[in-house]
Structures are given as structure tokens and as C-alpha cells.
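Visitor: Sharing a structure below in C-alpha cells format, with a few things to ask.
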Amino acid sequence: MTFAASYTFKKYPFVRLLLGLIGGIILQWYLRLSIQFIFFVSIIISVSLIAFIFFPLQNKFSFRWLQGVLIVLLFAMMGTALVYIKDIRNQPDWIGNYYKTAAPLIITLEEPLVEKNNSYKAIASIIAVEQNNKSKNTKGKILVYFTKDSSAFDLNYGSQLMINAPVQTITNSGNPGAFDYTRYCLFQDITYQVFLKKDQYVVLPGKYTNWLQQRLFEIRRATIRTLQHYIPDEKEQGVAEALLIGYRNDLDKDLVQAYSNTGVVHIIAISGLHLGMIYGLLFYIFSFFKKYKWIHWLRPFIILCVLWLFTLIAGAVPSILRSAVMFTFIVIGEIINGKTNMYNTLAASAFCMLVYNPFVLWDVGFLLSYAAVISIVTFMQPVYRWLYFQNKILDKIWKLSSVTISAQALTLPIVIFYFHQFPNYFLITNLLVVPLSGLILYGEILLLLVSFTGAFATVTGNILYWFILFMNSFIEHINNMPFSGWNNLQVNVLQTWLLYGFIIAACIWLSLRASKALIVSLAFLAGFVVLVSIDIVQRNQQQKLIVYNVPKLSALDIMQGNKYNFIGDSLLLKNALLSNFHLKPARILYRTYPGATGDRFLTHDKITKINNTTILFIDSFFHSQPAQNKIAVDVIIISKNAKVNINQLQSTFSFLELVFDSSNPSWKIGRWKKDCDSLHLRFHSVPEQGAFVMDL
């Protein structure tokens, strides 16, 4: 049995190497080993492998497992080295090593400007920093926001600027459970951001562009213009752009949420599904010519050309590039081996992508793409064999359903971990939307090919409009149905792995009827249930105060058990996008649901006591009254640009800590901080230090 397992594992060499590489990548990110240590350990492992060659034959056979372990460890060290090299902060000429406040920077725009509500945004490379009237070449990227004025109209990809404004390091909001935006930017070499007015930058002569990148931007602009010209209505245009080239700036926000809630957001997030549709269509077309021998060599060449042409039309964005690499390995594997080993092929493509960029390991799109493909390859046929239909139409419907069902097996834990929801009607929505989106995708490609014809292109655009309108209406209808989604699900990393253990062991039991696998799956399930139950019990006993970091707004939750009570600006109650981004992650993390209105916590003098904690709320309507004896409170929360003098506040109240929330202007918070430092008072600045969290 052990020999059989070992032999089976040897059939997947790239799987073993990939596991070692992933282990090293994770190890380096969380431990941040020095390059000297990585080099030293790599030398020891390499010497050990060389020494193994000179072992006597008998010892080689006895310790052959050691050679495999050493090879995996060597690739783990390779993973640590790749992360060290890729981390921009380890580069000697990183901008962070040289920049001083307000030092002039020379930057080059890496993309065309993207219009936001109140500004234009672009990613730029930092070429140099001015020091003592000398220019120092540097590396790194910066997020640049321009005010909306005529001076920004002439800026485009390749424009070089000298900026004279203080840049800021990119920091997280600090809200519990919030998206790690700092890490997301760092993985793209972005560590700074700046907000520029027209008098804070000068456009330098000339443009510095990459020929290929310039062509990609031009192709994307031309594609967007074509879709907008021939497809009526902005809402449908946005979906068309997202489906074909992954351009999401024109998408309706509420519609995106509906797609996400119903489990078909992958339709508008360009991914392997789109290339899979094109691959399937080409494979089907070539099936009519399979009797010709020359088709065996021509087919993969044409398929690869079409797939990469589509990738270029889509702007070669990272998500589509990943899929293109994956399908390239699949096609090449078929050429070499005829019937390729899919697991080894997928491992090889993932290995190459991680070598190129180890940080892609934290990309949820990367994880979902591979989890879905592996899940379909493994479970599609067993699921398909559950039912048998003689009718060909019913059989096709069931085959599509079996693909959808099998894809959920290994993607479910990732979806719950990252998105905290499960779409209950995913089978219904995918059953209609996936083939319909395929027709729309093929129609959009046809529209690009016939865009010069005028009348025929107009007809094609109108047909696409009605198809997209029907798809959007169907998604919105499903989203509005009762019990359309199971929301506010919360699992941590350990619970996610236990869930994976249960799913994999249960699948082994169902496939092989192995009783040991059933016991293992039940053990994983028991561990998962126990950990989740403990977490729920602890959350039901919690008493917390959270002052959120929401720019220019006041927001706090008082959490008691599994209920939260909100106090703050009504805009956060009306704007679902703001609330979901800033407040919802914490509420999911702490497993809380809406309680009574927060007004019941506020008395007329805005002092409230929760358990043994007394809280004073001060805003623009607060007026301090003289008191003979100091009023004892634990925490004072100041918001809404309150007219407060710290000295007077201290003479009226006895308190442990001051909290300045994000609705206060930065200049006033700076003044309050200086007063607190001079009086030796504890304070917490929410805009600078992140959310204030306190156990009550």
C-alpha cells in the first residue's frame, strides 16, 4: 500500500516541487528570513544532495526518501529567495530608503488616468528623488490622485512628472476584519500615495512608454469604444466591457453586488471561464477535422494563437494571463503526451506563475481558478454518473449541472473564507447564466470582427443588448428572492483547512469506499464544528466598543453578545457600499447582527454607561458645563469637528483616554494631540492609528 502510494505520488513530480515552493513562499512572508540565512541553508541542502550521489548503492536505496525530502527543501528555499527578491522593500534602491518629507519626486504614469467621483487616479513608477539638488534613481510605485481640472486632461500613459507634494505611506483603515489594502498594494510594488493639485506637479517633456504596453492600452480603448458605440444603455455596456476584457470601471455597483450574491460574479470578473469557453468552441470546431493527420499539429498552434490574441485584446490583465498560462500548459501537455496528466500540468503552470510572481499565491482569483479546475477534473465524472438521461437535451443540461456542482467542492471553503457568503441558488443561476454568457462572449467577439460593416454591427450590438439585459434582469430577480444567499459566514484559516480536510476525505470515502477515509472525514468535521462552536459561544459573551475609521464620517458600534448597535452618520445607513466596506467586515468577524437603535445608549448629556464602562460622546452640539467636581468617565469620544479645548475638558472630566474619530479634520486632531502630549494624556487618533476597539 505504501509502495503504491509512493508510486502514485511519483507520477506528479511538479506537484511535489510546487508544494515545496509554496511552503517556502509562506515561510518567508511570515518570518522574513535574511538573505544570508537563505543562502546558507541552500548551500547546506545542495552539498547534502551532491554527497548523496556518492552514497553506496545499498544506502541510496535505503535512504531514497531522504533525497526526495532534500529536493523539496531546496525548492522551499527557492520560494523564500523568490519572496525576498520580489519584495520591493528589500531592494537597495527602494524609494523608502531615500525619501524625506516633501522631497521632489520624478514619476512616470504606468497607465491611463481612471476617473473617480472627485479625482483621477493612476499608478506611477517613482523614477528618482531629489536630494541636495541631486537626483537619485529609485524603484517603487505610487498611487497618484489628480484633482479634476483641465490640467489633468493631457496626462496619459507614459507622461513624466515632477511632483512637489508630501507623499503618504499606504496604510490600512485598521477596522477589524477589513481588507488588507497595504499588503495588496505592496504585492504590486506600491508603497506610497499622493493627492495632487494642479500647482503641485510639473509635466516634463517627452513620454516614456513600452511599445507592447502602449499597444495593449490602445487595443483596450478601441474595444471599449466599439462596445459603447454599438450596445445601447450604460448598464449593459458595463457588463459587456467586463465580460469581454475585464474592464470594470463602468459597472453598476448594485448590479455587481447582485452578481456576487447569486454566485456568478466570475462572469464579469474575467477569468479562466472566458478562455475555457473559447477553448471549448475551438476544440469543437476542430472535432470535424479529426480524421486529418495534419490537424493534430495545426490544432494546438491555432488554439494557442487565438487564446493569446484574446488575452492581448483583454489587456493582458493578471487574471486572464494566469488562465492563458494554464491553458498553454494544458495544450502543450496534450502535444507531448497525447493524453496529459492534468494534475501535473496544472501544478507545472502554477509553479511557473509562482516563480514569476510568488505573491500571486495570495490572489483570491488565482486560488479560485485552480481550485475550480482541480475540482472539476476530479469530481465532474463521478457527479455526472449520479443520474442518467437518455434524452440528449436533458443529458446536456445535467452535464452542465455536474460541472457547476463539482466546481463547488474545492471552491466552497475559499468562497466562505474570503466572501463570507454562499449563494443558495448557484445551480439555477449558473445553469442559465454560464451558457448565456458564452453566447454573449462569442457575440462580442463577432461584433469586434464586423465593427467596420456598420449595419450588421448595429444589429449584432442590439441583439447583444437584449441578451445582456435579460441576463441582468434574471440575476437581479434571483438576488431579490427570499433565501437567495447564506450570508455573514465566518471561518478562520484553521477552520478553513479543517473544512478542506473534511471535503477531501469525504470524497475519497465516496469514491473508494474506504472506511478509514470516512473516519478521517468525520474527525475533520468534528474539529471544525468544535472550533466554530467555541467561537460562537465566545462571541455571544462579548462586550465591545468599536470606533471605526471611515474617512470624514463618524461611526461606532456597541456590541453586546451577538447584537450590535450603531451610532453615527445616517449616510452609512443609506449607502450600502460604504457600510459593507467599512463596517460589515467587523460585524462578520465578531458574528453580530443588528440590535436596537443606538440612540438608546445616549442620554441628554451624552454620557452612557455600559457594564462598568462610562463613555462620553462629544460632537459639534456639545457644550461643556462648569462642574464643582470632576465627572468621572472612562473614555471620551470626540467627533464632528467639536469645539473642544483639551485643557477645559480635563478640568471638567476625569477620564482615562481620548478618542478622536475620523469625522474631525486632520489639522484639529494635530492640535489636540499636541495638547494631550503637553498634559500627558492618553489619546487615540482613529484616522492615523486605525479603529479604536475596547472591551467593555
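Read-outs: derived from the displayed coordinates by stated rules, not from any lab. Quick caveat, the model's predicted, so the values are computed rather than measured. Ideal geometry is used to build each Cβ from the backbone, glycine not excepted, and the neighbour counts take in all protein chains shown.
Visitor: Using θ = phi - 60° and the Karplus form 6.51 cos²θ - 1.76 cosθ + 1.60, what ³J(HN,Hα) does each residue of segment 553-562 get, whole Hz, x for Gly and Pro?
Guide: My calculation for segment 553-562 gives 10, 9, 7, 8, 10, 10, 9, 10, x, 9 Hz in order.
Visitor: Could you order the peptides 29-41, 543-555 from most to least packed, using the average number of other C-beta atoms within 10 Å per residue?
Guide: Taking the mean over residues of other Cβ atoms within 10 Å, the ranking is 543-555, 29-41.
Visitor: Over all distinct alpha-carbon pairs, what is the Kirkwood Rh of segment 361-448 in angstrom?
Guide: So the Kirkwood estimate lands at 14.5 Å.
Visitor: For a quick check: sort Trp362, Trp466 by the number of other beta carbons within 10 angstrom, fewest at the front.
Guide: The most exposed by this proxy come first: Trp466, Trp362.
Visitor: Would you order Cys185, Cys507 from fewest to most other beta-carbon atoms within 10 Å of each residue's own beta-carbon?
Guide: Working: Cys185 21, Cys507 18.
The order, fewest Cβ neighbours first, is Cys507, Cys185.
Visitor: Follow-up question, since we're still on this one. Contact order normalised by length for the chain, with contacts defined as Cα pairs under 8 Å and 6 or more residues apart; what percent is it?
Guide: It comes to 10 percent, rounded to a whole number.
Visitor: Relative to the first principal axis of the alpha-carbon coordinates of the chain, what is the inclination of helix 364-384, with its axis defined by its Cα atoms, in degrees from 0 to 90 and to the nearest 10?
Guide: It works out to around 40 degrees.
Visitor: Which percent of the Cα-Cα distances in segment 297-439 go past 24 Å? Provide the component values of the computation, followed by the final result.
Guide: Numbers: 4237 of 10153 pairs.
Value for segment 297-439: 42 percent of Cα pairs lie more than 24 Å apart.
Visitor: Rounded, prolate or oblate, given the Cα gyration tensor of segment 543-695, with a/c below 1.5 counting as rounded?
Guide: prolate
Visitor: About the Cα centre of the chain, how large is the charge dipole given +1 on each Lys and Arg Cβ and -1 on each Asp and Glu Cβ? Please answer in debye to the nearest 20.
Guide: Numbers: 58 positive and 37 negative charges, 313 e Å.
Using only the charged Cβ atoms, the result is roughly 1500 debye.
Visitor: For the chain, with the dipole built from +1 on Lys and Arg beta-carbon atoms and -1 on Asp and Glu ones, taken about the Cα centre, which of Leu73, Ile445, Ile463 lies farthest toward the positive end?
Guide: My answer, from the dipole projection, is Leu73.
Visitor: Let me ask something else. Taking a ≥ b ≥ c as the square roots of the Cα gyration tensor eigenvalues, with a/c under 1.5 meaning rounded and otherwise prolate when a/b beats b/c, else oblate, which class fits segment 449-496?
Guide: Here segment 449-496 falls in the oblate category.
Visitor: Enter the Cα centre distance for the pair segment 386-434 and segment 463-537, rounded to the nearest angstrom.
Guide: The distance from the Cα centre of segment 386-434 to that of segment 463-537 comes to 12 Å.
Visitor: Evaluate the charge dipole of segment 95-209 about its Cα centre and quote only its size in Debye, nearest 20, assuming +1 on the Cβ of each Lys and Arg and -1 on the Cβ of each Asp and Glu.
Guide: About 220 debye.
Visitor: Using only Cα atoms, find the angle between the long axis of helix 272-286 and the longest principal axis of the chain, and express it within 0 to 90 degrees, rounded to the nearest 10.
Guide: 20
Visitor: Still on this structure, I have one more. Under a 5 Å amide H to amide H cut-off, with H placed in plane at 1.01 Å, what residues pair with Leu696 once short-range neighbours are removed?
Guide: It is Gln543, Lys544, Leu545, by chain and number.
Visitor: For segment 184-239, which trypsin sites (Lys or Arg not before Pro) are both in a DSSP coil and crowded by at most 12 other Cβ atoms within 10 Å?
Guide: Passing sites in segment 184-239 are Lys197.
Visitor: Follow-up question, since we're still on this one. Using DSSP to define loop residues, name the trypsin sites (Lys or Arg not before Pro) in segment 84-135 whose beta-carbon has at most 10 other beta-carbon atoms within 10 Å.
Guide: Lys100
Visitor: Would you pull out the residues with amide H under 5 Å of Tyr247's amide H, same chain only if 5 or more places away, H placed 1.01 Å from N?
Guide: Ala242
Visitor: Return the equivalent ellipsoid semi-axes of segment 95-209 as a descending list in whole Å, where each equals the square root of 5 times an eigenvalue of the C-alpha gyration tensor. Spell out each step's value before the answer.
Guide: Details: eigenvalues 96, 69, 33 Å².
One finds semi-axes of 22, 19, 13 Å for segment 95-209.
Visitor: Using only alpha carbon pairs under 8 Å that are at least six residues apart, calculate the relative contact order of segment 95-209 and give it in whole percent. Please list the in-between numbers first.
Guide: Working: 239 pairs, mean separation 33.5, N = 115.
Relative contact order of segment 95-209: 29 percent.
Visitor: Between Ile163, Ile303, Tyr564, whose Cα lies farthest towards the positive end of the dipole of the chain when Lys and Arg beta carbons carry +1 and Asp and Glu beta carbons carry -1, centred on the Cα centre?
Guide: Working it through, the farthest residue towards the positive pole turns out to be Ile303.
Visitor: How big is D for segment 493-539, in µm² s⁻¹ as a whole number, if Stokes-Einstein is applied with the Kirkwood radius of its Cα pairs at 4 °C and 1.567 mPa s? Don't skip to the end; give the middle numbers.
Guide: Numbers: Rh = 10.8 Å.
Answer from the Stokes-Einstein relation: 120 µm²/s.
Visitor: Let me know the shape class of segment 216-487, please: from the alpha-carbon gyration tensor, a ≥ b ≥ c as square roots of the eigenvalues, rounded when a/c is under 1.5, otherwise prolate if a/b is greater than b/c, or oblate.
Guide: rounded
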